[in-house]
Amino acid sequence: MSKPTSKRGVRAKPASRPARKRRTRAPHAKPGASRPAPPVEEPSPEHEAAYIESLIANGQAARLTKEGKLPPGATHKIVEDEQGQVKVVRRRFSIA
């Protein structure tokens, strides 16, 4: 038994499968719908204090200079609120 050939005598290519469509959204999602944001947990006081201490120890948090600017390398400003609690506020980014 011979293999199928075309009119030119060349063997015909086998039929290929159709290309699969890529999913662009979750199968359960409706068009235009977005997922709700997960609940944000407030950090515990212990974690917040440890974070502030690590920023200060690494030189990433500092008080403003006399000119009102952050020293080089600092990314956070140290601020005290009315109750005397120390907070840090991000003022700039560092790529280094």
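Each reported figure results from applying straightforward, stated rules to the coordinates on display, with no laboratory input. Values in this document were obtained by computation on a predicted structure and should not be read as measured data. Cβ: placed from backbone, ideal geometry, glycine included. Neighbour counts: every protein chain shown.
Once you have the Cα-Cα distance between Lys69 and Gln85, take 0.36 nm times their residue separation minus that, and quote the gain in nm to one decimal.
Computed gain between Lys69 and Gln85 is 3.6 nm.
With +1 on each Lys and Arg Cβ and -1 on each Asp and Glu Cβ, how big is the dipole of segment 45-90 about its Cα centre, in debye rounded to the nearest 20?
Result for segment 45-90 is approximately 340 debye, rounded to the nearest 20.
So what are the three principal axis dimensions of segment 45-90 from its Cα atoms, in whole Å, longest to shortest?
Principal-axis extents of segment 45-90 (Cα, largest first): 32, 25, 14 Å.
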